[in-house]
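First comes the structure, then the notes that go with it.
The values are calculated or read from the model by the stated rules, or taken from the named source; none is laboratory data. As the structure is a computational prediction, the values presented were derived from the model and not from experiment. As a convention, Cβ positions derive from the backbone with ideal geometry for all residues, glycine included, and neighbour counts pool all protein chains shown.
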Amino acid sequence: MVELKTATEIDAMKRVGRVVADALAAARAHAGIGVSLLDLDAVAAKVIADAGAAPVFLDYHPNWAPFPFPGVICASVNDAVVHGIPSDYRLRDGDLVSIDCGAKLDGWCGDAAISFVVGTAASADEALVAATDEALRRGIAAAQPGNRLGDVGAAIGDYARDQGYGLLADHGGHGIGRVMHESPDVPNEARAGRGMRLRPGLVLAIEPMLIADGSDDYRHGADGWTLQTITGARAAHSEHSVAITDDGPVVLTAQH
Ligand code: MG
Ligand code: MG
């Protein structure tokens, strides 16, 4: 069932959204050559705890996963697309890092992700990150009341394919509210004008996951959680939680 949120509830979701944005910004600011993924996890965990919020990825255990997720953030490096476990891996010059973070405050969830390069970036990685951010921007811009869900997927997918990038198979965005994953699914590739009508009060996590070489396929890493590109190509992930309002889409996970 799709739950529509009131303006008051959307304001509450902005508060948790800001906590998620702050946690991501702190992790990014801390990232550097020689810094471990566990260090980034600790930085994000502190921001969430200091805000009186709770992490939602920690101990999350979907039925396909071998064990509950052990981190506050997902930290996915290079050919890891999403669901990377924060480990003692130390970042190296030129690594492409995607950090995904979720939190809950006053009963409401926020979910967002960023990608960036540590140290000296290869131009291809810079382009991939920029295209992923642009795909997200276009997806958000299409999340207008009166549009359809397919307009969001078409905005993301058409752009990514035009640029020659792949889109992680079987994965996309989702509704979000009192739980992290609600209806509807938000595909990153779709036909414009199709699917559910977007109405004020609908809140969506929109999250393009682009793969550098145009491939879409993945495999599970040895840890059972991490999704890696099948070709070894690098990937980037960018996400915001977005409320559809009478005035258009409002990004809830922006830093203010
Ligand atoms: Mg996320
Ligand atoms: Mg999400």
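Condition first: surrounded by fewer than 18 Cβ atoms within 10 Å (Cβ to Cβ) and either in a loop (DSSP other than H, G, I, E, B) or free of Cβ contacts under 8 Å to residues at least 24 places away in the same chain (or both). Now tell me which residues in region 236-254 satisfy that.
If the condition is that a residue be surrounded by fewer than 18 Cβ atoms within 10 Å (Cβ to Cβ) and either in a loop (DSSP other than H, G, I, E, B) or free of Cβ contacts under 8 Å to residues at least 24 places away in the same chain (or both), then Asp246, Asp247, Ala254 are the ones that fit.
Out of Leu136, Leu96, Leu105, which single residue is farther than 25 Å from His181 by Cβ, buried (at least 19 other Cβ atoms within 10 Å of the Cβ) and at pLDDT 95 or above? Steps first, please.
Details: Leu136 fails: farther than 25 Å from His181 by Cβ; Leu105 fails: farther than 25 Å from His181 by Cβ.
Of the residues listed, the single one that is farther than 25 Å from His181 by Cβ, buried (at least 19 other Cβ atoms within 10 Å of the Cβ) and at pLDDT 95 or above is Leu96.
Please go through region 83-116 and give me each residue that is more than 15 Å from ligand 2 (Cβ to nearest atom) and either assigned to a loop (DSSP other than H, G, I, E, B) or free of Cβ contacts under 8 Å to residues at least 40 places away in the same chain (or both), ordered by number.
Step one: list which residues in region 83-116 are more than 15 Å from ligand 2 (Cβ to nearest atom), which gives 85-97, 105-107, 116.
Listed by number, the residues that qualify are Ile85, Pro86, Ser87, Asp88, Tyr89, Leu91, Arg92, Asp93, Gly94, Asp95, Asp106, Gly107.
Output the residue which, of all residues in region 89-116 that are aliphatic (A, V, I, L, M) and touching a Leu at 6+ places or on another chain (Cβ under 8 Å), is farthest from ligand 1 (Cβ to nearest atom). Before the answer, list the steps.
Our first condition is that a residue be aliphatic (A, V, I, L, M); within region 89-116, this holds for 91, 96-97, 99, 103, 105, 112-114.
Among the residues that remain, those that are also touching a Leu at 6+ places or on another chain (Cβ under 8 Å) are: 91, 96-97, 99, 112-114.
Working: Leu91: 20, Leu96: 17, Val97: 14, Ile99: 9, Ala112: 6, Ala113: 5, Ile114: 10 Å.
Going through the qualifying residues, I end up with Leu91.
Looking at region 219-235, which of the residues that are assigned to a strand (DSSP E or B) and within 16 Å of ligand 2 (Cβ to nearest atom) is nearest to Ala154 (Cα to Cα)? Before the answer, list the steps.
First pass over region 219-235, keeping only residues assigned to a strand (DSSP E or B): 219-220, 227-229, 235.
Okay, now just the ones that are also within 16 Å of ligand 2 (Cβ to nearest atom), so 227, 235.
Details: Leu227: 24, Ala235: 20 Å.
My answer is Ala235.
Each row is one residue, and each column tells you yes or no for (1) at pLDDT 95 or above; (2) surrounded by fewer than 17 Cβ atoms within 10 Å (Cβ to Cβ).
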{"position": "Ala7", "(1), (2)": "yes, yes"}
{"position": "Lys14", "(1), (2)": "yes, no"}
{"position": "Arg28", "(1), (2)": "yes, no"}
{"position": "Gly32", "(1), (2)": "yes, yes"}
{"position": "Asp59", "(1), (2)": "yes, yes"}
{"position": "Trp64", "(1), (2)": "no, yes"}
{"position": "Cys74", "(1), (2)": "yes, no"}
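Does Gly164 satisfy the condition of being away from ligand 2 (no atom under 13 Å from the Cβ) and either of a type in the set (Ser, Thr, Tyr) or part of a loop (DSSP other than H, G, I, E, B) (or both)? Give the steps one after another, and end with the answer.
On the way: away from ligand 2 (no atom under 13 Å from the Cβ): yes; either of a type in the set (Ser, Thr, Tyr) or part of a loop (DSSP other than H, G, I, E, B) (or both): yes.
When the stated conditions are applied, Gly164 passes them.
For residues that are hydrophobic (A, V, I, L, M, F, W, C) and not in a loop (DSSP other than H, G, I, E, B), scanning just region 117-133, find the one that is farthest from ligand 1 (Cβ to nearest atom). Even if it seems obvious, please write down each step before you answer.
As a first pass, look at region 117-133 and keep what is hydrophobic (A, V, I, L, M, F, W, C): 117-118, 121-122, 124, 127-131.
Within this subset, residues satisfying the condition of being not in a loop (DSSP other than H, G, I, E, B) are 117, 124, 127-131.
Details: Val117: 20, Ala124: 24, Ala127: 23, Leu128: 18, Val129: 16, Ala130: 20, Ala131: 19 Å.
Filtering region 117-133 for residues that are hydrophobic (A, V, I, L, M, F, W, C) and not in a loop (DSSP other than H, G, I, E, B), the one farthest from ligand 1 (Cβ to nearest atom) comes out as Ala124.
Filter region 184-218 for residues that are under 19 Å from the mean Cα position of the chain (by Cα) and not in a loop (DSSP other than H, G, I, E, B) and give the result.
Looking only at region 184-218, we keep the residues that are under 19 Å from the mean Cα position of the chain (by Cα), and these are 184-190, 202-212, 216-218.
Listed by number, the residues that qualify are Pro184, Asp185, Val186, Val203, Leu204, Ala205, Ile206, Met209, Leu210, Ile211, Tyr218.
If you go through region 57-105 one residue at a time, how many are among the small types (Gly, Ala, Ser) and within 14 Å of the chain's Cα centre (by Cα)? Give the derivation first.
Narrowing region 57-105 to residues among the small types (Gly, Ala, Ser): 65, 71, 75-76, 80, 84, 87, 94, 98, 102-103.
Filter once more, keeping what is within 14 Å of the chain's Cα centre (by Cα): 75-76, 80, 84, 98, 102-103.
Qualifying residue count for the region: 7.
Condition first: in contact with a Leu (Cβ under 8 Å, 6 or more places away or on another chain) and surrounded by fewer than 15 Cβ atoms within 10 Å (Cβ to Cβ). Now tell me which residues in region 206-228 satisfy that. Don't jump to the end; show me each part of the working.
The initial filter retains those residues of region 206-228 that are in contact with a Leu (Cβ under 8 Å, 6 or more places away or on another chain), namely 206-212, 216, 218-221, 227.
The answer is Arg219, His220.
Could you check Asp151 against (1) within 16 Å of ligand 1 (Cβ to nearest atom); (2) acidic (Asp, Glu); (3) surrounded by 19 or more Cβ atoms within 10 Å (Cβ to Cβ) and say which number it fails?
With respect to (1) within 16 Å of ligand 1 (Cβ to nearest atom); (2) acidic (Asp, Glu); (3) surrounded by 19 or more Cβ atoms within 10 Å (Cβ to Cβ), Asp151 is out only on (1).
Within region 154-178, take every residue that is within 16 Å of His237 (Cβ to Cβ) and out of contact with any Leu (no Cβ under 9 Å at 6 or more places or on another chain) and give me the one that is farthest from ligand 1 (Cβ to nearest atom).
Restricting to residues being within 16 Å of His237 (Cβ to Cβ) and out of contact with any Leu (no Cβ under 9 Å at 6 or more places or on another chain), the top hit is Tyr159.
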